[in-house]
Amino acid sequence: MKNFESLFAAWMVVWAVFFLYEVTVARRLSKLQEDIERLKQQLREG
Amino acid sequence: MKGRIALAFAAAALMVFAGYAALYIAPDEKTMHAIQRIFYFHVPSAICAFVAFFVVFIANFAYLGTRQQKWDWLGVAGAEVGVACSTIVLITGPIWAHPVWGVWWTWDARLTSTFVLWLLYTAYLLLRGFLEDPQRKATFSAVFGIFAFLDVPLVYFSNRLWRTQHPQPVILGGSNSGLDPMMGKVLLISFVGVLCLMAMLIADRYRLERLRWEYEELRFRAESRAAEEGAKAPRAAAEMR
């Protein structure tokens with residue numbers, strides 16, 4: 001198949017952008033959830 | 001949570017099937033052959049970028065009308081996902097263009113207006129980083145978001161209004177346009193797959209923004225309490241003396 005490398009590269013770009021974006025959002029979410037839990041604990045302990 | 005898992009599963013399954021359909025089910029295009037198959041991800045990503053920016057536009061108007069923070073969260077979620085989709089468009093486009101046009105990029109109306117669109121929403125996201133006060137941040141970005149959306153119709157109509165290197169539209173492009181029925185079906189599957197992914201990412205990003213707001217509130221409470229206790233301590237020490 002002619003130009004298969006280009007087609008494959010484009011296909012990988014689509015997956016890579018969505019996957020990396022989802023990973024960054026998930027990491028930010030889990031970090032924020034940890035921080036919220038820590039603050040809640042701090043407030044409970046007074 | 002169950003809805004999110006179902007959406008993620010549906011999006012991943014549709015994207016895998018769309019990849020298979022684009023490679024093996026869609027008919028071969030007579031002049032460009034294999035490289036034309038980029039069309040099945042380039043076009044849906046572009047449409048989804050428009051949809052995401054339209055979400056930003058609606059959210060920005062709603063924020064200015066109601067001043068409810070949830071609209072600002074939706075705006076920033078839509079903008080980030082729209083930038084991700086248009087990044088895909090701006091990378092897959094040149095990969096497609098190079099073997100077909102002989103150049104990676106040309107400054108024609110369609111390509112330039114798409115690049116400007118990407119720059120505008122990147123600026124929208126950067127602008128938010130410069131402002132501390134949440135109300136000011138939301139108001140400025142709502143006004144800027146509405147202004148940025150003006151470029152979306154310009155991108156859409158650019159290859160109808162001007163002579164461009166970018167091909168003329170094959171969908172809703174008039175009497176000389178059209179798409180093979182099977183190509184249309186594969187395009188539809190890809191579009192639904194990318195749309196599901198986009199919806200899932202917007203929902204996740206919205207949740208992140210909502211949690212950030214909750215975090216800021218909790219931090220403010222914790223700091224206020226610490227300040228109160230700090231003020232009480234010297235008074236108590238003075239009473240002891």
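Assorted remarks:
- Averaging 1/r over every pair of different alpha carbons in the protein assembly as shown and inverting the result gives a Kirkwood radius of 21.3 Å.
- Note on region B:13-210: the alpha carbon radius of gyration divided by the globular reference 2.2 N^0.38 Å gives 1.09.
- B:E132/B:D108 FRET efficiency (R0 45 Å; Cβ-Cβ; nearest 0.05): 0.65
- Shielding by partners, peptide A:21-31 (average Cβ within 10 angstrom, other chains): 4
- Chain A pair-distance distribution - Cα-Cα, 10 Å bins, rounded %: 24, 24, 19, 15, 11, 6, 2
- Legend: mean number of C-beta atoms from other chains within 10 angstrom of residue C-beta atoms, peptide B:198-210, equals 3.
- Sum of -39500 (n - 2.57) over DSSP H runs of 4+, divided by residues of chain B (222 nm, nearest 500): -28000 deg cm²/dmol
- Where labels lie 7 Å past Cα in the beta-carbon direction, separation of A:L29 and B:R221 in nm: 2.3
- Stokes-Einstein D (µm²/s) once Rh is taken as the Kirkwood radius of region B:179-238 over alpha-carbon pairs, at 10 °C in 1.306 mPa s: 99
- ³J(HN,Hα), Karplus 6.51/-1.76/1.60, whole Hz, each residue of region B:215-227, x for Gly, Pro: 4, 4, 5, 5, 5, 4, 5, 5, 5, 4, 5, 4, 5
- Per-residue packing, averaged as other Cβ atoms within 10 Å, sorts the ranges B:79-91, B:8-20, B:156-168 into the order B:79-91, B:8-20, B:156-168, beginning with the highest.
- Taking Cβ atoms as reference points and 12 Å as the exclusive limit, the residues near B:G93 contribute a net charge of 0, counting Lys and Arg as +1 and Asp and Glu as -1.
- Peptide-level mean, for B:35-43, of C-beta atoms on other protein chains within 10 Å: 4
- Computed on chain B, with alpha-carbon pairs under 8 angstrom and 6+ residues apart, the relative contact order is 31 percent.
- Applying 1/(1 + (r/R0)^6) with R0 = 22 Å to the Cβ-Cβ distance of B:L188 and B:M1 gives a FRET efficiency near 0.15.
- Projected onto their three principal axes, the Cα atoms of region B:31-102 cover extents of 52, 14, 13 Å, largest first.
- Principal-axis tilt of helix B:2-20 within chain B, Cα atoms, nearest 10 degrees: 30
- Checked against a 26 Å cut-off, the cross-linked pairs A:K31/B:K2; A:K31/B:K232; B:K2/B:K185; A:K31/B:K137; B:K2/B:K70 give Cα-Cα distances beyond that limit for A:K31/B:K232; B:K2/B:K185.
- For region B:1-158, the Cβ-based charge dipole about the Cα centre amounts to some 360 debye (Lys, Arg positive; Asp, Glu negative; other atoms uncharged).
Coordinate-derived values only; no laboratory data. What you are looking at is a predicted structure, and each value in this text was computed from that prediction instead of being measured. A quick note on method: Cβ atoms are made from the backbone with ideal geometry, for glycine too, and the neighbour counts reach across all protein chains shown.
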